[in-house]
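K.L.:
Sharing a structure below in structure tokens format, with a few things to ask.
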Amino acid sequence: MKVKSIFAVALGVSAIFAALVMVDYLEPQPTPIKEKAELKAPVSIIEVTPQAHKSSLTLLATTAARWPIQLKASSTAQLAWLDSRLEPGMTVAKGDVLAKLETSALASNLAQAKSQVTQAELNLKQAKHEQTVALKMLSAKTSSPFARREPQVAAAKAELDRAQQALQSANKLLSEANIVAPFDAIILRRVISPGEWLESGQVLFELAASDSVDVALPVSDLHWQKVQGALSKPEISVSNRAGQHWPAKVRYVAPQADANTRQRQVVLAVSEPYAEKEKLLPNQQVKVEVSLGNQQNIATLPLSALTRDGFVWTLDNQDRLQKEWVTLVGQQQDQVFVRFDKQSKQSRRVVVYPLISMLVGKQMAPHSMTEMTAKLRSE
């Protein structure tokens, strides 16, 4: 009985030990925790290499007539003749007769002025003769100036001067009865009609010089340094909305800035603006392109790459984001021309579509836009 109890205890202990061994054997091995690799955000880039670039600056300006003038009637008369071909937009040469006034009244005034001159000359001769007679009869020491006829002679001379001035005025009014162009001009406006009665001072025509037109170009402080440097050897082009281009030159630079806008003003001159079929008319808005010459180390970027704050995002050798400031040199359609403020000669990988969430030093997964474009074209 005792032997059986010992055997039963031994058998139980063996079973427990075997169970512990099985539990330890069947316990699952711990799985090592793998660190998740950091996900890199994709970004489109373009590789740029700074080069020499002939840059230009495009500004808005307004054309203005050169030597605008109003031709007016110098006397009251009826319009005797008007060139029926004269219409606004037509050019005329210096000395061309545009209209004529009726001259009968003017001729009568001229004849009367000549008569007055003749009478004044006669009166002066008579006064001098009377003075000669008086001086012979009177003592030069005791007689008064009136007795010596000095005031009478002076009055006769003054009357002759007045009559001669009236004659010159009558001659001038008669010559001005022919309305002529004072210089080569374009007709901006014709106010009169055939047979019309005109008052002295009434406007007949509005003209402007036809050999050139002014272009008023306001320049802000932001662009003044660039424009000022380019004015030494200017290459300037003016274009209208139709795309017609005219070469321009600097007429003068305003000596003072505008009191309200603080802008400087450059006045340009365009020669023969009315010679072509497409005319450059006054009082219209135009674009002025000022050549800034060749500039070194200029990078050409997509317009989208430049942020509103004036910097671009680039990637370093380890694909980390870098913020770099640039100076805008020019813009053409969807491209901008910039110079990097630091290491401007260095090639770079520039982010094409920057995001507000980008941070300096963040690692990205770059995709070259140049390679993608070439691949799409090959397919």
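The values are calculated or read from the model by the stated rules, or taken from the named source; none is laboratory data. If you're wondering where the values come from, they're calculated on a predicted model, not measured in any experiment. Here the Cβ positions follow ideal geometry from the backbone for every residue, glycine too, while neighbour counts run over all protein chains shown.
K.L.:
Within segment 289-299, can one find any residue that is in contact with a Leu (Cβ under 9 Å, 6 or more places away or on another chain), buried (at least 17 other Cβ atoms within 10 Å of the Cβ), within 19 Å of SER347 (Cα to Cα) and of a type outside the set (S, T, N, Q)?
P.N.:
No, segment 289-299 contains no residue that is in contact with a Leu (Cβ under 9 Å, 6 or more places away or on another chain), buried (at least 17 other Cβ atoms within 10 Å of the Cβ), within 19 Å of SER347 (Cα to Cα) and of a type outside the set (S, T, N, Q).
K.L.:
Still on this model: Determine which member of the set ARG348, ARG377 is among the basic types (Lys, Arg) and either modelled with pLDDT of 90 or more or touching a Phe, Trp or Tyr at 6+ places or on another chain (Cβ under 9 Å) (or both).
P.N.:
Details: ARG377 fails: either modelled with pLDDT of 90 or more or touching a Phe, Trp or Tyr at 6+ places or on another chain (Cβ under 9 Å) (or both).
Among ARG348, ARG377, only ARG348 is among the basic types (Lys, Arg) and either modelled with pLDDT of 90 or more or touching a Phe, Trp or Tyr at 6+ places or on another chain (Cβ under 9 Å) (or both).
K.L.:
Which of the following residues is touching a strand residue (DSSP E or B) at 6+ places or on another chain (Cβ under 9 Å) and surrounded by fewer than 14 Cβ atoms within 10 Å (Cβ to Cβ): LEU106, LEU39? Even if it seems obvious, please write down each step before you answer.
P.N.:
Values: LEU106 fails: surrounded by fewer than 14 Cβ atoms within 10 Å (Cβ to Cβ).
Of LEU106, LEU39, the one residue that is touching a strand residue (DSSP E or B) at 6+ places or on another chain (Cβ under 9 Å) and surrounded by fewer than 14 Cβ atoms within 10 Å (Cβ to Cβ) is LEU39.
K.L.:
Identify the residue in segment 268-288 that is crowded, with 17+ Cβ neighbours inside 10 Å and within 19 Å of HIS223 (Cα to Cα) and, among all such residues, is nearest to the chain's Cα centre (by Cα).
P.N.:
Out of the qualifying residues, it is VAL288.
K.L.:
Do you know which residues across segment 298-313 are outside any loop (DSSP other than H, G, I, E, B) and touching a residue at least 40 places away in the same chain (Cβ under 8 Å)? Walk me through how you get there before you give the answer.
P.N.:
Looking only at segment 298-313, we keep the residues that are outside any loop (DSSP other than H, G, I, E, B), and these are 298-305, 311-313.
Scanning segment 298-313 gives ILE298, ALA299, THR300, LEU301, PRO302, SER304, ALA305, VAL312, TRP313.
K.L.:
Can you tell me which of (1) more than 16 Å from PRO302 (Cβ to Cβ); (2) in contact with an Asp or Glu (Cβ under 8 Å, 6 or more places away or on another chain); (3) among the hydrophobic types (A, V, I, L, M, F, W, C) is the one LEU321 doesn't meet?
P.N.:
LEU321 satisfies all of (1) more than 16 Å from PRO302 (Cβ to Cβ); (2) in contact with an Asp or Glu (Cβ under 8 Å, 6 or more places away or on another chain); (3) among the hydrophobic types (A, V, I, L, M, F, W, C) except (2).
K.L.:
Looking only at segment 91-99, decide whether some residue is crowded, with 16+ Cβ neighbours inside 10 Å, touching a residue at least 40 places away in the same chain (Cβ under 8 Å) and farther than 30 Å from TYR252 by Cβ. Spell out how you get there, then give the answer.
P.N.:
So the first thing to find is which residues in segment 91-99 are crowded, with 16+ Cβ neighbours inside 10 Å, and the list is 91-92, 98-99.
Checking the rest, the ones that are also touching a residue at least 40 places away in the same chain (Cβ under 8 Å) come to 91-92, 98-99.
Keeping just the survivors that are farther than 30 Å from TYR252 by Cβ gives 98-99.
The answer is yes; a qualifying residue exists.
K.L.:
So if I check each of VAL351, VAL326, which one is closer than 30 Å to VAL290 by Cβ and either surrounded by 12 or more Cβ atoms within 10 Å (Cβ to Cβ) or in contact (Cβ under 8 Å) with a residue 40 or more places away in the chain (or both)?
P.N.:
On the way: VAL351 fails: closer than 30 Å to VAL290 by Cβ.
Criteria check complete, one pass: VAL326.
K.L.:
Does ALA269 qualify as being out of contact with any Asp or Glu (no Cβ under 9 Å at 6 or more places or on another chain), small (Gly, Ala, Ser) and not in a helix (DSSP H, G or I)?
P.N.:
Working: out of contact with any Asp or Glu (no Cβ under 9 Å at 6 or more places or on another chain): no; small (Gly, Ala, Ser): yes; not in a helix (DSSP H, G or I): yes.
For ALA269, the condition - out of contact with any Asp or Glu (no Cβ under 9 Å at 6 or more places or on another chain), small (Gly, Ala, Ser) and not in a helix (DSSP H, G or I) - is not met.
K.L.:
(1) within 30 Å of SER368 (Cβ to Cβ); (2) small (Gly, Ala, Ser); (3) without any contact (Cβ under 8 Å) to a residue 12 or more places away in the chain: which one isn't true of ALA259, the others all being true?
P.N.:
(1)
K.L.:
Same structure again: Which number in (1) closer than 30 Å to GLU278 by Cβ; (2) surrounded by 11 or more Cβ atoms within 10 Å (Cβ to Cβ) marks the one condition that THR76 misses?
P.N.:
Unmet condition: (1).
K.L.:
In addition: Which numbered condition trips up ARG264, out of (1) surrounded by 19 or more Cβ atoms within 10 Å (Cβ to Cβ); (2) within 30 Å of PRO50 (Cβ to Cβ); (3) touching a helix residue (DSSP H, G or I) at 6+ places or on another chain (Cβ under 9 Å)?
P.N.:
(2)
K.L.:
In segment 346-366, which residues are more than 15 Å from PRO42 (Cβ to Cβ) and in a loop (DSSP other than H, G, I, E, B)?
P.N.:
Taking segment 346-366 as the starting set, the residues that turn out to be more than 15 Å from PRO42 (Cβ to Cβ) are 346-348, 350, 356, 359-361.
Listed by number, the residues that qualify are GLN346, SER347, ILE356, LEU359, VAL360, GLY361.
K.L.:
If I go through segment 223-244 residue by residue, how many of them are exposed (fewer than 15 other Cβ atoms within 10 Å of the Cβ) and either among the aliphatic types (A, V, I, L, M) or within 14 Å of THR63 (Cβ to Cβ) (or both)?
P.N.:
4
K.L.:
Enumerate the strands (runs of 3 or more DSSP E) found wholly within segment 32-122, keeping only those where 3 or more residues are outside the structural domain of ALA230 (by TED's automatic domain parsing) and of a type in the set (Ser, Thr, Tyr).
P.N.:
Details: elements: 41-48, 51-65, 69-72, 77-82, 97-101.
Per the criteria, no element qualifies.
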